[in-house]
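To start, the structure under review is shown below, and the notes come after it.
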Amino acid sequence: ETGGLPLAQRHPARQRYRILELQRWREKRGLAFNISPKHWPFDVNLADRFVIAINASGRSPDAFLRRAYAAVWEEERNLADPLVLAELAEQAGFDSSTLMDVATGSTTEAIYALNLENAVAGDVFGSPAYVLDGEVFWGQDRLDLLDDALASGRAPFTPTP
C-alpha cells in the first residue's frame, strides 16, 4: 500500500546492504542468528493474528514473540505453518487451540484489517515503526530518537513540503 517492495524484488544493492546491516546488528547485540534463514520471508498473516489474539486475551505477547523470533532466525522454522505457531504458543505458555480459534476468527480478521488501515493512514510504511503523537519513528536504529522525544515531551515534528 505504501510503495515498498518485497525483499526479493528490491534492487540488488538494497538486498546486499540489508545483509550488511544484519551482520552489524548481530555483532553489536552479541546474537547468534542466521543472516538468511530458510523460511524468510514468509506469509506473516497467521502469526500476526496470533499476536492480535494474545492481546485480545489481555496477556502480553512478549513470550510468544521471543519464541517466534528465535524460531525464524535461529532455528529456521516456518512461521507460516499453523503447527509451528501452535507449538511456539504452547512453549510460551498459551493454549494454542484457543489462540488458533481466535486468530482465524472474523473478529481478528477485522482487527487485522483495521490495524493495516490505521498504519497506512498514520504514514507507517515498514516495520518496526512507532508513532508518537503522529510522528513516525521507523526502524530499530530510531529508538534513541523516540526515547529522546518521549523524555523531552517536545511537540511532534511534522514534514515540511
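Look at Ile111 and say whether it is touching a Ser or Thr at 6+ places or on another chain (Cβ under 8 Å), assigned to a helix (DSSP H, G or I), surrounded by 13 or more Cβ atoms within 10 Å (Cβ to Cβ) and at pLDDT 95 or above. Give the derivation first.
Values: touching a Ser or Thr at 6+ places or on another chain (Cβ under 8 Å): no; assigned to a helix (DSSP H, G or I): yes; surrounded by 13 or more Cβ atoms within 10 Å (Cβ to Cβ): yes; at pLDDT 95 or above: yes.
No; evaluated as a whole, the condition is false for this residue.
Are any residues in region 18-49 open to solvent by 70 Å² or more (accessible area, probe 1.4 Å), under 17 Å from the mean Cα position of the chain (by Cα) and among the hydrophobic types (A, V, I, L, M, F, W, C), and if so, which ones?
Result: Trp40, single match.
Residues Arg18, Arg66: which one is modelled with pLDDT of 95 or more, in a helix (DSSP H, G or I) and charged (D, E, K, R)?
Going through Arg18, Arg66 in turn, the sole match is Arg66.
When you go through (1) surrounded by 14 or more Cβ atoms within 10 Å (Cβ to Cβ); (2) outside any helix (DSSP H, G or I) one by one for Gly3, which number turns out not to apply?
Just one mismatch for Gly3, condition (1).
Is it the case, given these coordinates, that Ser57 is open to solvent by 60 Å² or more (accessible area, probe 1.4 Å) and over 18 Å from the mean Cα position of the chain (by Cα)?
Yes: the conditions hold for Ser57.
Please tell me if Leu99 is in a loop (DSSP other than H, G, I, E, B), open to solvent by less than 80 Å² (accessible area, probe 1.4 Å), modelled with pLDDT of 95 or more and not small (Gly, Ala, Ser).
Against the criterion (in a loop (DSSP other than H, G, I, E, B), open to solvent by less than 80 Å² (accessible area, probe 1.4 Å), modelled with pLDDT of 95 or more and not small (Gly, Ala, Ser)), Leu99 does not qualify.
Is at least one residue of region 118-125 exposed (fewer than 12 other Cβ atoms within 10 Å of the Cβ) and without any contact (Cβ under 8 Å) to a residue 40 or more places away in the chain?
yes
Given the conditions (1) open to solvent by 80 Å² or more (accessible area, probe 1.4 Å); (2) over 21 Å from Leu143 (Cβ atoms); (3) under 18 Å from the mean Cα position of the chain (by Cα), report the number of the one that Ala92 does not fulfil.
(1)
State all residues of region 126-161 that are open to solvent by 100 Å² or more (accessible area, probe 1.4 Å) and touching a residue at least 24 places away in the same chain (Cβ under 8 Å); if no residue qualifies, say none.
If the condition is that a residue be open to solvent by 100 Å² or more (accessible area, probe 1.4 Å) and touching a residue at least 24 places away in the same chain (Cβ under 8 Å), then Thr158 is the only one that fits.
So in region 60-80, with the set limited to residues that are in contact with an Asp or Glu (Cβ under 9 Å, 6 or more places away or on another chain) and of a type in the set (Gly, Ala, Ser), which one is surrounded by the fewest Cβ atoms within 10 Å (Cβ to Cβ)?
Checked region 60-80; the qualifying residue surrounded by the fewest Cβ atoms within 10 Å (Cβ to Cβ) is Ala80.
The values are calculated or read from the model by the stated rules, or taken from the named source; none is laboratory data. Every value quoted in this text rests on a predicted model; they were computed, and no experiment measured them. Here the Cβ is made from the backbone with ideal geometry for all residues, glycine too, and neighbour counts use every protein chain on show. Surface areas here come from the heavy atoms of the whole protein model, side chains and all, with no ligands, DNA or RNA. Shrake-Rupley method; radii C 1.70, N 1.55, O 1.52, S 1.80 Å.
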